[in-house]
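> The structure under discussion is supplied below as structure tokens; questions concerning it will follow.
The values are calculated or read from the model by the stated rules, or taken from the named source; none is laboratory data. Values in this document were obtained by computation on a predicted structure and should not be read as measured data. In this analysis, Cβ positions are derived from the backbone assuming ideal geometry, glycine residues included, and neighbour counts consider all displayed protein chains. Ligands, DNA and RNA are stripped out before the accessible areas are found, and what is left, the full protein with its side chains, is counted by its heavy atoms. Shrake-Rupley method; radii C 1.70, N 1.55, O 1.52, S 1.80 Å.
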Amino acid sequence: MNLNNKLFAQMRAATRNLIKKPQVDTNKVIQDALKNASAMSQSAQAQMRGFSQANGAANGHMPSDVPDMLAELSRKFGHAGAAANEPAVLLPGTFSDASFTNSAGTRSYKLYVPSSYKGEAAALVVMLHGCTQDPDDFAKGTQMNALAEETGCLVVYPSQSRQANSSRCWNWFNAVDQKRDQGEPSIIAGITREVMGKHKIDPAQVYVAGLSAGGAMATIMGTLYPELYAAVGVHSGLPYASAHDLPSALAAMQGQLQRQNKPGKAIPIIVFHGDKDHTVHPTNGDELMVHARDAADVMAVEPGRVPNGHAYTRTTHKGSDGKLQGEHWVIHGAGHAWSGGSAHGTYTDGKGPDASREMLRFFATHR
């Protein structure tokens, strides 16, 4: 199923209209164009929302520039679009490039070291971006580097390559990429250990978080490497082993989970999910909390609202010692976007709550 010329013409027209009307819903415009193209199937529509398969596998193929165009439109004309045109705040720390290679392949990464770091033992947060994103985009959207300046932690952003996935999605649904010391998990763990080897990192304060496909991969990392990561943060992601190929991945994204290998160990986890997420069904957020809930003795439900922003429901799960095992934030009215993020990055929702700050607060309770 190839995208036909009619579809491209519709998308180009939508793009031109968006430039003139920056307040419209970019995803709706693009999706309306998709619905009118007879050659577009349900699988491709799901890919259009950010989850195209690696290397053009399966029956269909999505040109790599399509999700890139959607991401660029979202960056320029999404929530708080005017703010995206303002210059980003320059931070005093260093944001440097590096790469890591092992038998599974090579991935580049970026590391933010805050200006306050003087070689003392510090926390490390591994941030896994979503589809069509890269480390710079993800850092701007989550504002995690600014928080690193506040808290003194280091932040590393592994980068998915176009060779591994044409839309830069982490391949969370591939069997080899769900196994310890194989595939992408081995590369991400290798990047983590490399940063720990080059900087003085407290091994008890290493955490992993991600958005969407990156959130699904963060869950995989926490499950496969519990001795490496003390806690996991997942935004709009999926549970471990929720898919084993592209069809099951698309089904899982729609809330039809068919898990093959349900792990038995609970990992400390904080989950954010919008209840209007039409890309990854909120059922996935519920499923992510199963083990934390089962391991806890006390559950508390706390409704809240961000001033002039989203209402939310925060559910906490604590053990008999009072320590948090899990937190689940359901953001009412929010879609597939990083909560509390900056319009300088893609797939962000500035109406809050601040997922980045809350993740760091949760991580600090696990060391």
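> Kindly list the residues of region 129-160 that lie in the label zone of Ala98, defined by a backbone N under 14 Å from the point 7 Å along the Cα-to-C-beta vector.
Answer for region 129-160: 154-159.
> For region 270-328, what D do you get in µm² per second when you plug the Kirkwood radius from alpha-carbon pairs into Stokes-Einstein at 10 °C and 1.306 mPa s?
It comes out at roughly 129 µm²/s.
> Over region 226-367, what percent of the accessible surface lies on carbon and sulfur atoms, probe 1.4 Å?
C and S fraction of accessible area: 49 percent.
> Here is a follow-up. With a probe of 1.4 Å, find how much accessible area region 269-367 has per residue, and write the answer as a whole number in Å².
That works out to 41 Å² per residue.
> Then there's this: Expressed in nm², what is the orientationally averaged projection area of the convex hull enclosing the Cα positions of region 129-284? Can you show the working numbers first?
Numbers: hull surface 36.4 nm².
Reported value for the Cα convex hull: 9.1 nm².
> Okay, moving on. Please report the base-10 log of the normalised intensity I(q)/I(0) for region 242-357, using a Debye sum with one equal scatterer per alpha carbon and no solvent, at each q in 0.16, 0.19, 0.20, 0.21 (1/Å).
Those come out to -0.82, -1.06, -1.13, -1.18, one per q.
> Give me the one-decimal Kirkwood hydrodynamic radius in Å for region 111-205, with the sum taken over alpha-carbon pairs.
Over region 111-205, the inverse of the mean reciprocal pair distance is 14.2 Å.
> Here is a follow-up. If I compute solvent accessible area with a 1.4 Å probe over the protein chains, what percent of it on region 108-183 is carbon and sulfur?
Percent of accessible area from carbon and sulfur atoms in region 108-183: 47.
> Quick one: Debye curve from the alpha-carbon atoms of region 173-251 only, equal weights, vacuum; give me log10 I(q)/I(0) at q = 0.20 Å⁻¹ to two decimals.
Those come out to -0.84, one per q.
> Then there's this: Taking R0 as 22 Å, what FRET efficiency do you get between Arg305 and Lys276 from their Cβ-Cβ distance, rounded to the nearest 0.05?
The pair Arg305/Lys276 has a calculated efficiency of 0.90.
> Which FRET efficiency, nearest 0.05, do Thr313 and Val176 yield, Cβ-Cβ r, R0 22 Å?
About 0.05, to the nearest 0.05.
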